[in-house]
Amino acid sequence: AFQGKKAEEKHDQASDPSKAPSERVDEIKYFIQDVIIILFIFSDLFLMLNKNKKMDAIKAGIEKAKETVQGKKAEEEARKASDPTVKPSERVDAAVEYGKAKMKEAEHACKAECHKDKHVCH
């Protein structure tokens, strides 16, 4: 719970438009690091549990966390792609990265839904 709250605070700081872009990039890095720690925690729980039903629930949670990370990444890339102060070449790169992140977000959402369905059905 602590790590999740910490990640949420970092995301809020990274989204603060009053901060300098370099500070916001640093906050995004810290946010991603916190989310990775959360994913490792979920992965450890996943390895400790033996029952399929519990494993499906944990798998769904892991995929939801990954979906959230990709969604936040997509939001940041969308902001960069639409920022007129950014070089056009960087905006094009950001638009491509936005598309990749949205695709990965949808993929993780689909996997989470599949694991959730397995959990509910068993």
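The values are calculated or read from the model by the stated rules, or taken from the named source; none is laboratory data. Predicted model only: the values in this text are computed from it and were never measured. Note that we place each Cβ from the backbone using ideal geometry, even for glycine, and neighbour counts take in every protein chain shown.
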query: Pairs, please: C-beta under 6 Å, at least 6 apart or cross-chain, first residue farther than 28 Å from residue 60 by Cα and in region 85-107, second surrounded by 13 or more Cβ atoms within 10 Å (Cβ to Cβ) and not aromatic (Phe, Trp, Tyr)?
result: 86/80; 91/81; 94/77; 94/80; 94/81; 95/81
- request: Considering (1) modelled with pLDDT of 90 or more; (2) under 16 Å from the mean Cα position of the chain (by Cα), say which one residue 90 fails and leave the rest.
  value: (2)
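Listed here are the residues, each with its yes/no results for (1) modelled with pLDDT under 85; (2) closer than 16 Å to residue 31 by Cα; (3) not in a helix (DSSP H, G or I).
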site	(1), (2), (3)
54	yes, no, no
75	no, yes, no
78	no, no, no
83	no, no, yes
- request: Working only within region 70-90, note down all residues that are hydrophobic (A, V, I, L, M, F, W, C) and closer than 9 Å to residue 101 by Cα.
  value: 74
message: Please go through (1) modelled with pLDDT of 75 or more; (2) more than 21 Å from residue 109 (Cβ to Cβ) for residue 70 and return the number of the only condition it doesn't satisfy.
response: (2)
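A quick yes/no check of all residues on (1) more than 13 Å from residue 72 (Cα to Cα); (2) surrounded by 12 or more Cβ atoms within 10 Å (Cβ to Cβ); (3) modelled with pLDDT under 75:
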residue	(1), (2), (3)
4	yes, yes, yes
7	no, yes, yes
12	no, no, yes
18	yes, no, no
22	yes, no, yes
28	no, yes, no
32	no, yes, no
37	yes, yes, no
41	yes, yes, yes
- request: Pull up region 78-87, narrow it to residues that are among the charged types (D, E, K, R) and closer than 18 Å to residue 15 by Cα, then point me to the one that is farthest from the chain's Cα centre (by Cα).
  value: 83
- request: Would you mind stating whether residue 67 is assigned to a helix (DSSP H, G or I) and over 18 Å from the mean Cα position of the chain (by Cα)?
  value: no
